[in-house]
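The values are calculated or read from the model by the stated rules, or taken from the named source; none is laboratory data. If you're wondering where the values come from, they're calculated on a predicted model, not measured in any experiment. Every residue, glycine among them, receives a Cβ derived from its backbone with ideal geometry; neighbour counts consider all protein chains shown. Heavy atoms of the whole protein, side chains included, go into the accessibility calculation; ligands, DNA and RNA do not. Shrake-Rupley method; radii C 1.70, N 1.55, O 1.52, S 1.80 Å.
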Amino acid sequence: MHSETVTIYCPNHLCQAPNPESHRFCQQCRTHLPKRYLWAVGKGIDAYRSGDLLAGRYSVKEGSIVLDTQPGRLPRSPAEISPDLEPYLRLVPYQLHVPQVYGLVESAPKQGGDILLLEQAPLYTEGVVSASLESLEGQLMPALTAVWAQSSALRQLNWLWQLAHLWEPLASEGVVSTLLQPELLRVEDALVRLLSLQSDGRRAIPLTSLGQLWQQWQPTAQPAIAAFLDELCQLMQQGQIRNAEQLIMLLDRALVACGRSQSRQMHIATLTDQGPSRQRNEDACYPPGGTVWTSLEPGQNQPLVIVCDGIGGHEGGSVASNLAIATLQQQLQTLPPQGSDIEPTVLMLQLEQATLTANDVISQRNDNEQRQERQRMGTTLVLALSYAHELYLTHVGDSRIYRITRAGCHQVTLDDDLAAREVRLGYALYRDALQQPGSGSLVQALGMSASTTLHPTVQRFVLDEDCVFLLCSDGLSDHDRVDEYWQSELVPLLDGKADVATASQRLLAIANSKNGHDNVTIGLLHCQVSSQPSQDTIPLHVALDIPNVGGMQATSTAHDHFSTMRTQTATQAKTHILPTRKPSTNPFVALLALLVVLGLGSVFAYALFPGLRPWLATLPGLRSRPLPEATVTAPAPTPAETSPLPATEALVVGSLLQVGQATAETPPAAEKPLVLWSQPDLPNLPETARVRLGTIPAGSVLQLSSRQAISDRGYWLKLKVCSVPTLTPQPSVSPPTSAILQPGETGWIEQDAIAPLVTQNLGLKASQLGACAVVPPTASESPASTTAPLPATKPRG
């Protein structure tokens with residue numbers, strides 16, 4: 001697809017020499033020449049033909065495919081983020097599937113209007129070849145429907161599983177109809193890639209529509225899954241599968257059954273080095289640096305790779321990274337062995353819990369040593385755990401994980417820094433955000449604060465093809481070195497021309513010679529998959545009883561990418577999906593309407609609710625008297641003014657709850673003491689692994705930190721104790737059988753046990769907020785949006 005007439009200008013600002021399109025490196029300064037193939041969206045592109053130049057820099061290759069001939073220059077950004085662009089930005093945690101905005105080309109209205117340029121679109125990158133060794137560079141990846149019939153049963157299930165994971169996040173942004181357009185559904189081998197996003201308009205798209213589309217694919221599904229898929233589509237179209245979470249759980253069952261027909265071999269290598277410019281190494285890894293390991297037996301312990309990049313200076317970074325490694329290794333020793341019947345959401349929760357425990361160990365060390373602000377030590381974290389047919393990834397900070405196949409290299413983690421936060425909030429394009437001061441400052445890392453403010457990302461991938469996962473600190477990833485060298489250093493692993501030990505050594509040499517500004521730590525995990533095609537003809541027997549779960553997916557602290565979030569579902573994504581910002585309104589009109597509503601509401605409330613009259617009398621215009629200083633919103637309610645709430649109304653992640661007394665209507669099971677546990681009641685969890693932490697008395701104020709759905713066990717809630725009432729000992733009352741939890745402590749409780757006792761508060765006194773004096777973000781807010789940047793004492797590239 002190379003053209004002799006196209007010139008690529010060197011991105012080195014000190015060079016900028018012109019080069020033929022076929023060159024990989026600048027012929028003058030040897031700088032790498034990135035080939036950025038983009039997908040153009042908008043009617044304006046129809047006015048151009050192959051060979052034309054858009055805006056003096058974008059060469060039209062074929063149809064809507066263009067090449068940036070000046071990759072060293074920042075592309076033109078829109079003057080403001082329009083509603084059409086917001087979904088792309090806010091879905092950045094799903095960048096593995098959703099393209100991102102590269103820039104904008106302004107065009108005259110008579111030419112069709114502006115042209116939006118998308119990067120990370122399903123276009124083959126430089127150097128990718130077909131099975132017949134023909135170059136695929138710059139070409140559009142195939143539609144899912146074009147390769148569906150000839151794909152394996154596991155691959156077909158994997159694609160459906162990814163689409164199901166994308167349903168909720170795309171629906172929240174009003175673009176879920178994208179998943180119903182076959183021409184927009186492209187595949188890069190095992191990976192589903194979206195060509196662009198399509199707005200839903202004012203339509204509400206039901207899940208039944210997805211079932212209708214999948215039904216069209218059922219006749220050409222592999223015999224192993226044809227009957228399962230037919231029944232699944234029928235359940236979707238009949239409305240019996242009500243939400244994406246139920247759909248994912250059913251697909252997980254099929255994946256487990258189908259995954260048994262494949263065997264996987266894991267090759268692991270780790271290296272760590274202080275680098276040429278640092279006096280000590282604050283990075284750490286597991287297995288220890290220099291380890292080369294191969295998993296041959298399916299019953300062996302789970303292959304595990306961890307990379308940590310310490311922060312803090314004065315040897316604090318080294319202490320933090322090694323504490324994290326030791327704690328995680330210890331915590332994960334209790335995982336069930338390979339072959340155990342464990343649900344993915346349970347395993348993801350255990351990974352999150354292990355990460356939070358590591359955070360608490362480091363944070364407690366900081367507190368014991370009285371480290372404050374910039375003196376506190378911390379560490380980033382990337383972790384990969386192989387279990388059965390899946391790979392589980394956990395991430396905090398700006399260390400990275402890359403997924404490499406013969407078809408491409410993708411960063412699968414999203415840095416926890418200010419620049420990424422701006423994009424997630426829909427405020428700026430990523431390249432623009434990078435130009436802001438402090439854009440690389442971290443918004444979270446292990447050990448810098450309490451676990452209630454930490455939001456690790458947990459993701460999982462189905463392993464149905466040979467692939468390499470690279471975990472590394474920024475000593476290697478800075479300056480896009482992985483993007484530059486993945487084909488020359490990691491593709492040979494997939495072709496059997498190199499081993500993990502050699503590849504890791506070569507990557508370390510590249511990091512030290514090309515970057516050299518920081519410590520370098522590398523973890524390589526090479527997965528080799530062997531399948532038995534004959535198994536695709538044997539029908540699978542999969543139970544299709546629909547899981548009794550609600551519309552909220554298992555929560556961990558991050559996009560299920562598919563990651564889970566602490567406050568709501570995320571599907572391989574990695575952070576909260578925020579609600580779309582509303583159109584601006586005339587402030588005068590809004591203020592006038594608000595005053596009218598408040599006035600009418602006060603009159604009706606005064607007439608209908610006598611209990612509110614003392615408070616209403618304090619409002620301006622009713623009585624000129626300030627509110628009591630001891631209250632936050634309104635006077636504390638009397639027992640008659642509170643009532644138990646349905647779980648769906650009160651139990652919202654991030655909210656403050658107050659436990660009331662049992663009443664005559666309270667179920668007998670709820671009259672028992674409310675006990676918090678160290679973990680939820682997970683399937684196959686040994687009794688010794690759960691610790692009874694203590695009780696919470698009536699009148700306690702709690703903060704709901706997380707809500708976890710567990711199959712056959714309902715919902716479990718993670719609660720933080722804000723305050724407990726002062727209890728006066730009664731001689732006739734027996735002392736409690738376990739200690740009362742104190743403010744700041746956290747634990748888990750079954751939702752059904754506490755929901756009947758949760759009361760709605762008309763107001764809380766300041767003293768009742770206790771350890772929760774600063775109200776946390778609600779489920780609709782991003783955790784990163786309320787977290788101050790963490791001080792990083794090491795330079796960040």
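Give the Rg/Rh ratio for region 77-182, taking Rg as the radius of gyration of the Cα atoms and Rh as the Kirkwood radius, to two decimals.
Using Cα coordinates only, the ratio equals 1.02.
Report the FRET efficiency, 1/(1 + (r/R0)^6), for Leu180 and Gln375, where r is their Cβ-Cβ distance and R0 is 51 Å, rounded to 0.05.
0.45
So, with +1 on the Cβ of K and R and -1 on the Cβ of D and E, and no other charges, what is the size of the charge dipole of region 304-456 about its Cα centre, to the nearest 20 debye?
Its charge dipole is roughly 300 debye.
Could you pull the Cα extents of region 473-550 along its three principal axes, largest to smallest, in whole Å?
56, 39, 18
At R0 = 60 Å, how high is the FRET efficiency between Thr502 and Thr726 if r is their beta carbon distance? Nearest 0.05 is fine.
0.35
In region 137-281, if the dipole is taken from +1 on Lys/Arg beta carbons and -1 on Asp/Glu beta carbons about the Cα centre, which of Leu271, Gln237, Gln212 is farthest to the positive end?
Toward the positive end, the furthest listed residue is Leu271.
With every protein chain present, what accessible area does His410 have (1.4 Å probe, heavy atoms only), rounded to the nearest 10 Å²?
Taking all protein chains as shown, His410 has close to 30 Å².
Apply the Debye scattering formula to region 309-363, with a single equal point scatterer on each alpha-carbon and no solvent, then give log10 I(q)/I(0) at q = 0.18, 0.21 Å⁻¹.
Rounded to two decimals, the profile gives -0.63, -0.77.
If you count only protein heavy atoms and use a 1.4 Å probe, how large is the accessible surface of Ser199, to the nearest 10 Å²?
Spelled out: Ser199, probe radius 1.4 Å, area about 80 Å².
When the convex hull of the Cα atoms of region 150-247 is projected onto a plane and the area is averaged over all directions, what value comes out in nm²?
With the hull built on Cα positions only, its mean projection is 6.0 nm².
Going by accessible area, probe 1.4 Å, with all protein chains left in place, what is the ranking of Leu471, Leu693, largest first?
In descending accessible area the options line up as Leu693, Leu471.
Taking all pairs of different Cα atoms in region 356-398, averaging 1/r and flipping that mean, what Kirkwood radius in angstroms comes out?
Computed over Cα pairs of region 356-398, the Kirkwood hydrodynamic radius comes out at 12.2 Å.
Which percent of the accessible area of region 1-124 is formed by carbon and sulfur heavy atoms (probe 1.4 angstrom)?
Here carbon and sulfur together make up 47 percent of the probe-accessible area.
For region 109-195, what does the accessible surface come to per residue with a 1.4 Å probe? Please give it in Å².
32 Å²
Rank Ser477, Ser767, Ser678, Ser135 by accessible area, highest first, at a 1.4 Å probe radius?
Output order, biggest surface exposure first: Ser767, Ser135, Ser678, Ser477.
Within region 178-274, what whole-number % of the accessible surface is contributed by carbon and sulfur, with the 1.4 Å probe and all protein chains included in the calculation?
Its accessible area is 44 percent carbon and sulfur atoms.
For region 235-390, report the convex hull volume of the alpha-carbon atoms normalised per residue, in Å³, without decimals.
154 Å³
Over every pair of different alpha-carbon atoms in region 205-277, take the mean of 1/r and invert it; report that Kirkwood radius in Å.
Kirkwood hydrodynamic radius for region 205-277: 15.0 Å.
If the chain between Val529 and Val292 were fully stretched, how many nm would it gain, using 0.36 nm times the residue separation less the Cα-Cα distance?
That pair, Val529 and Val292, stretches by 83.4 nm at full extension.
So how much accessible area does Met448 have, in Å² to the nearest 10, using a 1.4 Å probe?
20 Å²
Working with all protein chains in place, sort Arg406, Arg242, Arg186 by solvent-accessible area computed with a 1.4 Å probe, largest first.
Correct descending sequence by accessible area is Arg242, Arg406, Arg186.
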